[in-house]
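Every number here is computed from the coordinates shown, using simple stated rules; none is lab data. Just so it is clear, the structure is predicted and the values come from calculations on it, not from any experiment. So basically every Cβ, Gly included, is an ideal-geometry build from the backbone, and we count neighbours across all protein chains shown.
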Amino acid sequence: MLPKKLIGNKVSEETAREYLLSKFNRFGISEIQIDKTPLGMKVVLRTPKPGILITRAGAALKAASTELGRHFKQDPPHIDVEQTENALLDPEAMADSICFKIAKHGPMKYKIVAHRALEDIMNAGAKGAEIEIGGVIKERAAHFKFRPHGSVMPKTGQIEQFGVRKAKKQLLLKRGSIGIKVTIVVPVKMPGGVEFKHGREHKGAEARAPENEHKENAGTAAS
């Protein structure tokens, strides 16, 4: 009975996370933490701009608390909103930064912007990172993917569930729209003590991906 109960609890938590993301993802939620304590359940939403979420969605936060109370059949949990600890490990913040720099310097500078962002992310302690940029960048639509040396990018299992964070942004320019997707593998402790190691050693500026390290597929845009 215990394994079945544990599985049921995990399914309920994932359902709660999906519900919260559907309600507040437009505010750039980078992490949702759900803890069960003797006094009840505690939910923490982490975002680069907590003030905006609290100001614009105060009523929605109360409604979400009530809905989660019904879902878990208990008193409505307290929902806290906190600042993201490290913006360089927050894909929402990094995607916003990439959008700003491409808008400022022009879409033709996308390679420089992407490589510098990856260097900053890896130097901040990330286990892995990947940036996808697609849309009308040159004369036609194209898709580019960047990943530095030493980057680990798990696709399944606990590592993917607890350690991989993603964000998507769209930038509108005169020549068309550009989609930007940022994926960061953060150094977190996972249930059961599961850990994963770095890939090839990252050495800062010298470890930038060479020109042939990214893929280009014409006609496909990141979204």
(request) For the range 26-73, please report how many Lys pairs fall under 17 Å Cα to Cα, leaving out neighbours fewer than 8 apart on the same chain. (result) 4
(request) Report the local net charge at ILE52: Lys and Arg +1, Asp and Glu -1, summed over other residues whose C-beta lies under 14 Å from its C-beta. (result) +1
(message) Please arrange SER65, SER30 by how many other C-beta atoms lie within 10 Å of their C-beta, fewest to most.
(response) SER65, SER30
(message) Can you compute the modelled spin-label distance between PHE100 and ASP120, with each label point 7 Å from Cα toward Cβ, in nm?
(response) 0.8
(message) Whole percent per 10 Å bin, from 0 to the bin with the longest distance: what is P(r) over all C-alpha pairs of the range 113-187?
(response) 19, 45, 27, 9, 0
(message) Relative contact order for the range 2-83: what percent, with Cα pairs under 8 Å and sequence separation of 6 or more?
(response) 28
(request) Would you mind calculating the gained length between LYS62 and GLU18 on full extension (0.36 nm times residue separation, minus the Cα-Cα distance), in nm to one decimal? (result) 14.1 nm
